[in-house]
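Q: One structure, pasted below without further comment.
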Amino acid sequence: MAETSKGIVYLVGAGPGDPGLMTARALELVAEADVIYYDRLIPPTALDGARDDAELVYVGKQPGVPSVPQEEIGQRLVDSGRKGLSVVRLKGGDPYLFGRGAEEAEDLKSAGVAFEVVPGVTAGIAATAYAGIPVTHRDDASAVAFITGHEDPTKPETALDWPALARFPGTLVFYMGVKRLGDNAKQLISGGRSPEEPAAAIQQGTTPGQRVVVATLGTIADEVVAQEIKAPALIVIGDVARHRENLSWFEDRPLFGKKVVVTRARAQASGFAKRLRSLGAEAIELPAIRIEPLPVDDKRINETFDRFLEDDYSLICFTSANGVSCFFDLLAGASMDARDLAGIDIAVIGPGTARALAEHGIKADYIPERFVAEGLLEELEEVDLQGRGILIARAEEARDLLPETLRDRNAALVDVMPLYRTVSEAPDNGAIEAAANADYVTFTSASTVKKLIEVMPAGMPSGAKLVSIGPITSDAAREAGLEVAIEAGRHDIDGLLEALLDDLG
């Protein structure tokens, strides 16, 4: 690991659970860190940007489960800082709001280790907003109090002034308050708070697992038991809770509550998963494949690249965004760029490939309406190929329909340049467990079908619908003995999303 002359520890808030609520500074520090000590309630993708060589250490706490003592966490932070490392202490929510961040900062200060605090979005304002409950409102509340609902059991007496809280003229938001909800509600009512005052409980706020129960202060404890609301959950008490009926929005998204498995290569999966999450789904990234560029000294690449340098090709066909990326890496390695494609027609197999090409400043000349090899051949039917040289930049393993048909159409030269291969990616056990109860499993290529079967010893999730991006992928699934429930009409990610939404009606 890279070491600096002087270490520093960053106490970083990771937000309430929605990955989109992590701050830019938090993401930046995660990407730079040598060591990351992380808690249980951080967003599921919070560590995705960490360096491959970063040390990731779980120090989370969970009721009833053995965990790293707080004193030991503080000492680990001190030790790592003294080694000259860049250390991130990643905590759910905000480090200084019921997060014990102040204690860790005191440990670091006492040890003479430099530290910085990076605030995070706290659940008290985020989970409530996602539940359609504003913690303040012009008509109902001009103040809000954040309160721990579960004090340190070693304290000789409570530090909370319950009569004062009962008189508080505004919204009360209790963190970690499910277990003692009944007792806390009784304390407030005894202090003069109306049992008819609106109240709400929000479980796993800002995540696809969000559940909300609205009742009154007098009945909320019974409702939480009846609805089996579990920690982590917030309790909101105040007239603002009645606004949920009109302001609820998070659970109204079309894929809310659905678990969707994404099997694309890891580099591509995040974008698809992000779109699923924006529609309310719980996206489970279970990459079945990894894109592995072929070595630049591969004989097949060298031979075709030499012909490219000799201007033997007047048409280049790209069959995937990966092919585009690898081809331009090849150009860059030869101190070349998009200008060296001047005068060459470019055909792509779909809009995703066209977008990848456009990122390099090139607009595709031919884009088929059907995003398969057959569609590209139809697009080129009216193009005179007589005497032309054609280069097909693609994966190492692919159907031979495109090159064989172009040769049959009297092209003078049709060469395949294999630029990358797809290899199996072993998913982590956590992702496999999460996928067990999935509603949908999406496949974006024949290779994702084949590779996922190889790495899923227990087979596909029993109750999940299999969703295919197109006919080639569907054929691969059926050949593997799988039943395809949904096939996208448009054979791209947009079409796949449309198919999911259509299935939900």
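Q: Which of Ile432, Leu234, Asn302 sits closest to the plus end of the dipole of the chain, meaning its Cα is farthest towards the positive end, when Lys and Arg get +1 and Asp and Glu get -1 on the C-beta?
A: Leu234
Q: How much accessible surface area, in Å² rounded to 10, belongs to the heavy atoms of Lys61 with a 1.4 Å probe?
A: 80 Å²
Q: Sorted by accessible area with a 1.4 angstrom probe, largest first, how do Trp249, Trp162 fall?
A: Ranked from most to least accessible, the order is Trp249, Trp162.
Q: Kindly work out what percent of the DSSP beta bridges joining two residues of the stretch 1-159 are antiparallel, to the nearest 5.
A: Taking every DSSP beta bridge with both residues in the stretch 1-159, the antiparallel ones total about 15 percent.
Q: Quick one: go through the stretch 8-47 and flag any residue whose amide nitrogen is under 13 Å from the point 7 Å out along the Cα-to-Cβ line of Asp79.
A: none
Q: If you take the beta carbon distance between Leu247 and Ala480 as r and set R0 to 51 Å, what does 1/(1 + (r/R0)^6) give as a FRET efficiency, to the nearest 0.05? Working shown, then result.
A: Numbers: r = 46 Å, r/R0 = 0.91.
It comes out at approximately 0.65.
Q: A follow-up question, please. Under a cut-off of 17 Å between alpha-carbon atoms, report the lysines in cross-link reach of Lys61, not counting same-chain residues fewer than 8 places apart.
A: Lys61 reaches Lys91, Lys179, Lys230.
Q: Among rounded, prolate and oblate, which fits the chain when a ≥ b ≥ c are the square roots of the eigenvalues of its C-alpha gyration tensor, a/c under 1.5 means rounded, and a/b larger than b/c means prolate?
A: prolate
Q: OK, next. At 0.36 nm per residue, and after removing the present C-alpha to C-alpha distance, how many nm does the segment from Lys109 to Lys230 gain when stretched out fully?
A: Answer, rounded to one decimal: 39.9 nm.
Q: For the stretch 328-376 and the stretch 158-219, compute the distance between their C-alpha centroids and round to whole Å.
A: Cα centres, the stretch 328-376 to the stretch 158-219: 58 Å.
Q: Let me ask something additional. Summing +1 for each Lys or Arg and -1 for each Asp or Glu, what net charge is found among the other residues whose Cβ lies under 15 Å from the Cβ of Glu310?
A: Neighbour charge sum, excluding Glu310 itself: -4.
Q: Could I ask something else about it? With everything on Cα atoms, drop me the angle between helix 493-503 and the longest principal axis of the chain, reported from 0 to 90° to the nearest 10.
A: 60 degrees
Q: Out of His360, Pro19, Val414, whose Cα points farthest toward the positive end of the dipole of the chain (charges: +1 Lys, Arg; -1 Asp, Glu; placed on Cβ)?
A: Most positive-ward Cα: Pro19.
Q: Kindly express, to the nearest 10 degrees and within the range 0 to 90, the angle between helix 446-455's C-alpha long axis and the longest C-alpha principal axis of the chain.
A: Roughly 50 degrees between the two axes.
Q: Straight-line reach from Lys259: which aspartates and glutamates fall under 13 Å, measuring Cα to Cα and dropping same-chain residues less than 8 apart?
A: By straight Cα distance, Lys259 reaches Glu282, Glu285, Glu433, Asp439.
Q: Suppose every K and R has +1 on its Cβ and every D and E has -1 on its Cβ; what is the size of the dipole of the chain about the Cα centre, in Debye to the nearest 20? Display every interim value, and only then the final one.
A: Working: 50 positive and 78 negative charges, 333 e Å.
It comes to approximately 1600 debye.
Q: Still on this structure, I have one more. For the chain, what % of the accessible area comes from carbon and sulfur atoms, probe 1.4 Å?
A: Values: 11550 of 23940 Å².
Roughly 48 percent of what the probe reaches on the chain is carbon or sulfur.
Q: Would you mind computing, in nm to one decimal, how far apart the modelled labels at Glu374 and Asn302 are, each placed 7 Å from Cα along Cα→Cβ?
A: So the two model labels end up 4.0 nm from each other.
Q: Any idea how far apart Leu27 and Glu55 come out in nm if each label point goes 7 Å out from Cα toward Cβ?
A: Taking the two extended label points, one gets 2.8 nm.
Q: Please report how far the C-alpha centroid of the stretch 409-448 lies from that of the stretch 478-505, rounded to the nearest whole angstrom.
A: 16 Å
Q: Taking the full set of protein chains and a 1.4 angstrom probe, give the accessible area of Met460 in square angstrom, rounded to the nearest 10.
A: 40 Å²
Q: Can you show me the helix-derived [θ] at 222 nm for the chain, built from DSSP H runs with n ≥ 4 at -39,500 (n - 2.57) apiece and divided by the number of residues, rounded to the nearest 500.
A: That calculation yields -9500 deg cm²/dmol at 222 nm.
Q: Please give every one of the lysines within straight-line cross-link reach of Lys109, meaning a C-alpha to C-alpha distance under 18 Å, and leave out same-chain neighbours fewer than 8 residues apart.
A: Here the lysines satisfying the reach criterion relative to Lys109 are Lys6, Lys83.
Q: Using a/c under 1.5 as the rounded threshold, could you call the stretch 1-107 rounded, prolate or oblate? The axes a ≥ b ≥ c are square roots of the C-alpha gyration tensor eigenvalues, and prolate needs a/b larger than b/c, oblate otherwise.
A: Taking the square roots of the gyration eigenvalues as a ≥ b ≥ c, the stretch 1-107 is oblate.
Q: Quick one: grab the alpha carbon gyration tensor of the stretch 347-394, order the square roots of its eigenvalues as a ≥ b ≥ c, and give me rounded if a/c is under 1.5, else prolate or oblate depending on whether a/b is larger than b/c. Don't skip to the answer; put the middle values down first.
A: On the way: a/c = 2.02, a/b = 1.37, b/c = 1.47.
In terms of gyration-tensor shape, oblate.
Q: With r defined as the distance between the Cβ atoms of Asp365 and Asp428 and R0 fixed at 51 Å, what FRET efficiency is calculated, to the nearest 0.05? Show your work: numbers first, answer last.
A: Values: r = 42 Å, r/R0 = 0.83.
Given R0 = 51 Å and the Cβ-Cβ separation, E is 0.75.
Q: Got a number for the accessible area of Leu181? Probe 1.4 Å, square angstrom, nearest 10.
A: My reading of the accessible area for Leu181 is about 10 Å².
Q: If you don't mind, another one. Give me the number: length gained by fully extending Thr219 to Val455, i.e. 0.36 nm times residue separation minus the C-alpha to C-alpha distance, one decimal in nm.
A: Full extension of this stretch gives 80.1 nm more.
The values are calculated or read from the model by the stated rules, or taken from the named source; none is laboratory data. The model shown is predicted, which means the values in this text are computed figures rather than measured ones. All Cβ positions, even for glycine, are placed from backbone atoms using ideal geometry, and neighbour counts span all protein chains on display. Side chains are part of the model used for accessible areas, which takes the heavy atoms of the whole protein and leaves out ligands, DNA and RNA. Shrake-Rupley method; radii C 1.70, N 1.55, O 1.52, S 1.80 Å.
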